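Visitor: One structure, pasted below without further comment.
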Amino acid sequence: MKTIEVSVVTPDGPVYESDVEMVSTKAQSGELGILPGHIPMVAPLAIGVVRLKKSGSKEQDLIAVSGGFLEVRPDKVTILAQAAEKAEDIDVERALRAKERAEQRMRDQRVEDIDFRRAELALQRAINRLTVTGKQ
Amino acid sequence: MASLRDIKNSINSTKKMSQITKAMEMTSAAKWNRGVMNAKAFVPYMEKIQEVTVAVAMGSNGINHPMLQSRPIKKTGYIVMTSDRGLAGAFNSNVIRRVFQTIQSRHKSKDEYSIIAIGRVARDFFVKRGMNVDLEIIGVSDQPSFESIKDITSSTVGMFSDGTFDELYLYYTHYKSAITQEVTEKKLLPLTDLSTFAKLTSYEFEPSAEEILDVLLPQYAESLIYGALLDSKASEHAARMTAMRNATDNAKEMIKNYSLIYNRARQAAITQEIAEIVGGAAALE
């Protein structure tokens, strides 16, 4: 089966590079699945999981991304994220703490505050990380 | 002439000092290594985001995003990057001098510019002179993460968007090699010089080019600031390393001179003593 090259880059360096059969992810406008030969496209990503289907196996690589961009070319997909972690690199303890902190803040703040929005995003990121590790 | 003990003291204190500068040189060397690695790790992200930004901004005609357009200049923003601590040779003073002179020559009144100071040295310098420091950040770690400076980058880009200033310049020290670093001026906003890198792919946009630019351009500008900060950190440690090496060398030189003086003085004292004994013995005969 045809494959497509994928790289995930963050400001702290490249996180993932491999050839895969399919990339599926959550863009701001909804779920997106990219197969080899896709037309060139750019889309902003939501906080979510990127699933990468490896060729010849049933297994998927999971990467937690916190916003950023998806750039698609016929032979290559690049994900530019401000933060991205592979499942095995995620610090579960830290994500759990972040989740509790965010929940606490959301209880303390009123909905219209900017801090509420911030806490909400932090909560989403924490939950996203936990989802990827399968601890949630 | 100083007494023997005075000279001995100077030798000792200079030795202690050279131990300290030597230790500082070594810590800087380690940090410098890390700094250079961080700056390198950032390059792929920067290149990619630049490529995409150019492609989106150029590839879609008739887009007038405020961050891409020059507007009449009423106020100019200056980001100045220095270190928090001194003892880095001319690292800080070079940047500050450049900014200071630029501001003096370009602006007549305080209302025409505002300064965003990164690093204690820049903050202190400009605050002391009563110049407009609108934002400051001190205590940036030696290996700053993108997350940790997000606040300053996004508020700076925000200040451009809400019209606090109409153009934004970035002053930092560009790292060339361990011994050469160069003060660099970069016009950050508006992003007018994008067309210089032409490598176009025409993209589909999901949902639309405008909405993508809304997210992409601030992120691009923030990345530029972050990249400059990494560059500046690498330069800082290289500069400090060189400064400390020079200090250690100078201390060694001083110790050599002092030892010479000390030995000479000691010899003189011994000679004098012998002369006195001989003189005393001769007087008894």
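Visitor: When the range A:59-78 is examined, which residues are found to be within 12 Å of another protein chain (Cβ to nearest Cβ), within 16 Å of the chain's Cα centre (by Cα) and assigned to a strand (DSSP E or B)? Spell out the reasoning first.
Guide: Taking the range A:59-78 and keeping what is within 12 Å of another protein chain (Cβ to nearest Cβ), we get A:66-78.
Now drop any that are not within 16 Å of the chain's Cα centre (by Cα), which leaves A:66-72, A:77-78.
Of everything in the range A:59-78, those that are within 12 Å of another protein chain (Cβ to nearest Cβ), within 16 Å of the chain's Cα centre (by Cα) and assigned to a strand (DSSP E or B) turn out to be A:Gly68, A:Phe69, A:Leu70, A:Glu71, A:Val72, A:Val77, A:Thr78.
Visitor: Identify the residue in the range B:86-113 that is charged (D, E, K, R) and surrounded by 14 or more Cβ atoms within 10 Å (Cβ to Cβ) and, among all such residues, is modelled with the lowest pLDDT.
Guide: B:Glu112
Visitor: Examine the range A:83-106 for a residue that is of a type in the set (A, V, I, L, M, F, W, C), within 13 Å of chain B (Cβ to nearest Cβ), free of Cβ contacts under 8 Å to residues at least 60 places away in the same chain and part of a helix (DSSP H, G or I), and state whether such a residue exists. Show your work before the answer.
Guide: Within the range A:83-106, the subset of a type in the set (A, V, I, L, M, F, W, C) is A:83-84, A:87, A:90, A:92, A:95-96, A:98, A:102, A:106.
Narrowing the set further to residues that are within 13 Å of chain B (Cβ to nearest Cβ) leaves A:83-84, A:98.
Filter once more, so that each one left must be free of Cβ contacts under 8 Å to residues at least 60 places away in the same chain: A:98.
With part of a helix (DSSP H, G or I) added as a condition, the list becomes A:98.
Looking for residues that are of a type in the set (A, V, I, L, M, F, W, C), within 13 Å of chain B (Cβ to nearest Cβ), free of Cβ contacts under 8 Å to residues at least 60 places away in the same chain and part of a helix (DSSP H, G or I), one finds at least one in the range A:83-106, hence yes.
Visitor: Can you find a residue that is surrounded by fewer than 21 Cβ atoms within 10 Å (Cβ to Cβ) and on the phi > 0 side of the Ramachandran plot anywhere in the range A:80-94?
Guide: Among the residues of the range A:80-94, not one is surrounded by fewer than 21 Cβ atoms within 10 Å (Cβ to Cβ) and on the phi > 0 side of the Ramachandran plot, which makes the answer no.
Visitor: Going residue by residue through the range A:45-58, is there one that turns out to be assigned to a strand (DSSP E or B) and within 13 Å of chain B (Cβ to nearest Cβ)?
Guide: Taking the range A:45-58 as the starting set, the residues that turn out to be assigned to a strand (DSSP E or B) are A:45, A:48-54.
This time we only want the ones that are within 13 Å of chain B (Cβ to nearest Cβ), so: A:45.
Yes, the range A:45-58 contains at least one residue that is assigned to a strand (DSSP E or B) and within 13 Å of chain B (Cβ to nearest Cβ).
Visitor: Can we say B:Thr180 is surrounded by 16 or more Cβ atoms within 10 Å (Cβ to Cβ) and out of contact with any Cys (no Cβ under 6 Å at 6 or more places or on another chain)? Talk me through it step by step, then tell me what you get.
Guide: Numbers: surrounded by 16 or more Cβ atoms within 10 Å (Cβ to Cβ): no; out of contact with any Cys (no Cβ under 6 Å at 6 or more places or on another chain): yes.
Answer is no for this residue.
Visitor: State which residue is surrounded by the fewest Cβ atoms within 10 Å (Cβ to Cβ) when the search covers only the range B:201-221 and only residues that are within 7 Å of chain A (Cβ to nearest Cβ) and assigned to a helix (DSSP H, G or I).
Guide: So the first thing to find is which residues in the range B:201-221 are within 7 Å of chain A (Cβ to nearest Cβ), and the list is B:201-207, B:212, B:215-216.
Filter once more, so that each one left must be assigned to a helix (DSSP H, G or I): B:212, B:215-216.
On the way: B:Ile212: 24, B:Val215: 15, B:Leu216: 23.
Across the range B:201-221, the extreme among qualifying residues is B:Val215.
Visitor: Turning to a different aspect of this structure: Being within 15 Å of the chain's Cα centre (by Cα) and within 11 Å of chain B (Cβ to nearest Cβ) is the filter here; which residues of the range A:12-33 pass it?
Guide: Answer for the range A:12-33, where residues must be within 15 Å of the chain's Cα centre (by Cα) and within 11 Å of chain B (Cβ to nearest Cβ): A:Pro14, A:Val15, A:Glu17, A:Ala27, A:Gln28, A:Ser29, A:Gly30, A:Leu32.
Visitor: Residues of the range B:1-51 being within 12 Å of another protein chain (Cβ to nearest Cβ), aliphatic (A, V, I, L, M) and either within 17 Å of the chain's Cα centre (by Cα) or not in a helix (DSSP H, G or I) (or both), which ones?
Guide: Residues satisfying the conditions are B:Met37, B:Ala39.
Visitor: Now for a different question. For residues in the range A:1-40 being among the small types (Gly, Ala, Ser) and under 27 Å from B:Lys150 (Cβ atoms), which is surrounded by the fewest Cβ atoms within 10 Å (Cβ to Cβ)? Can you show your working first?
Guide: First pass over the range A:1-40, keeping only residues among the small types (Gly, Ala, Ser): A:7, A:13, A:18, A:24, A:27, A:29-30, A:33, A:37.
With the extra rule that they be under 27 Å from B:Lys150 (Cβ atoms), the set shrinks to A:7, A:13, A:27, A:29-30.
Values: A:Ser7: 17, A:Gly13: 14, A:Ala27: 18, A:Ser29: 13, A:Gly30: 10.
Taking the candidates together, the pick is A:Gly30.
Visitor: Please enumerate the residues belonging to the range A:1-11 that are in a strand (DSSP E or B) and within 12 Å of chain B (Cβ to nearest Cβ). Steps first, answer last, please.
Guide: Filtering the range A:1-11 for residues in a strand (DSSP E or B) gives A:4-10.
Correct list: A:Ser7, A:Val8, A:Val9, A:Thr10.
Visitor: Here's a follow-up. Failed condition for B:Ser83, given (1) of a type in the set (S, T, N, Q); (2) in a helix (DSSP H, G or I); (3) modelled with pLDDT of 85 or more; (4) surrounded by 13 or more Cβ atoms within 10 Å (Cβ to Cβ), with all others met?
Guide: It is condition (2) that B:Ser83 fails.
Visitor: Considering only the range B:154-191, how many residues are on the phi > 0 side of the Ramachandran plot and within 21 Å of the chain's Cα centre (by Cα)?
Guide: Our first condition is that a residue be on the phi > 0 side of the Ramachandran plot; within the range B:154-191, this holds for B:163.
Next cut, within 21 Å of the chain's Cα centre (by Cα) only: none.
Final tally of qualifying residues: 0.
Visitor: Does any residue of the range B:40-50 turn out to be of a type outside the set (A, V, I, L, M, F, W, C), loosely packed, with under 14 Cβ neighbours inside 10 Å and either touching a strand residue (DSSP E or B) at 6+ places or on another chain (Cβ under 6 Å) or at pLDDT below 85 (or both)? Before the answer, list the steps.
Guide: Kept after step one, since they are of a type outside the set (A, V, I, L, M, F, W, C), are these residues of the range B:40-50: B:40, B:44-45, B:47-48, B:50.
Next, from what is left, pick out any that are loosely packed, with under 14 Cβ neighbours inside 10 Å: B:40, B:47.
Then keep just the ones that are either touching a strand residue (DSSP E or B) at 6+ places or on another chain (Cβ under 6 Å) or at pLDDT below 85 (or both); that gives none.
No, the range B:40-50 contains no residue that is of a type outside the set (A, V, I, L, M, F, W, C), loosely packed, with under 14 Cβ neighbours inside 10 Å and either touching a strand residue (DSSP E or B) at 6+ places or on another chain (Cβ under 6 Å) or at pLDDT below 85 (or both).
Visitor: How many of the residues making up the range A:93-136 are among the polar types (S, T, N, Q), under 18 Å from A:Ser66 (Cα atoms) and touching a helix residue (DSSP H, G or I) at 6+ places or on another chain (Cβ under 6 Å)?
Guide: Applying the first criterion (among the polar types (S, T, N, Q)) to the range A:93-136 yields A:104, A:109, A:124, A:128, A:131, A:133, A:136.
Filter once more, keeping what is under 18 Å from A:Ser66 (Cα atoms): A:124, A:128, A:131, A:133, A:136.
From the residues that got through so far, the ones that are touching a helix residue (DSSP H, G or I) at 6+ places or on another chain (Cβ under 6 Å) too are A:133, A:136.
Result for the range A:93-136: 2.
Visitor: I need the full set of residues from the range A:100-130 which are more than 15 Å from A:Ala46 (Cα to Cα) and among the β-branched types (Val, Ile, Thr), in order please.
Guide: Within the range A:100-130, A:Val111, A:Ile114 qualify.
The values are calculated or read from the model by the stated rules, or taken from the named source; none is laboratory data. It should be emphasised that the depicted structure is a prediction, and the values quoted were computed from it without experimental measurement. Every residue, glycine as well, gets a Cβ built from its backbone with ideal geometry; the counts of neighbours run over all protein chains shown.
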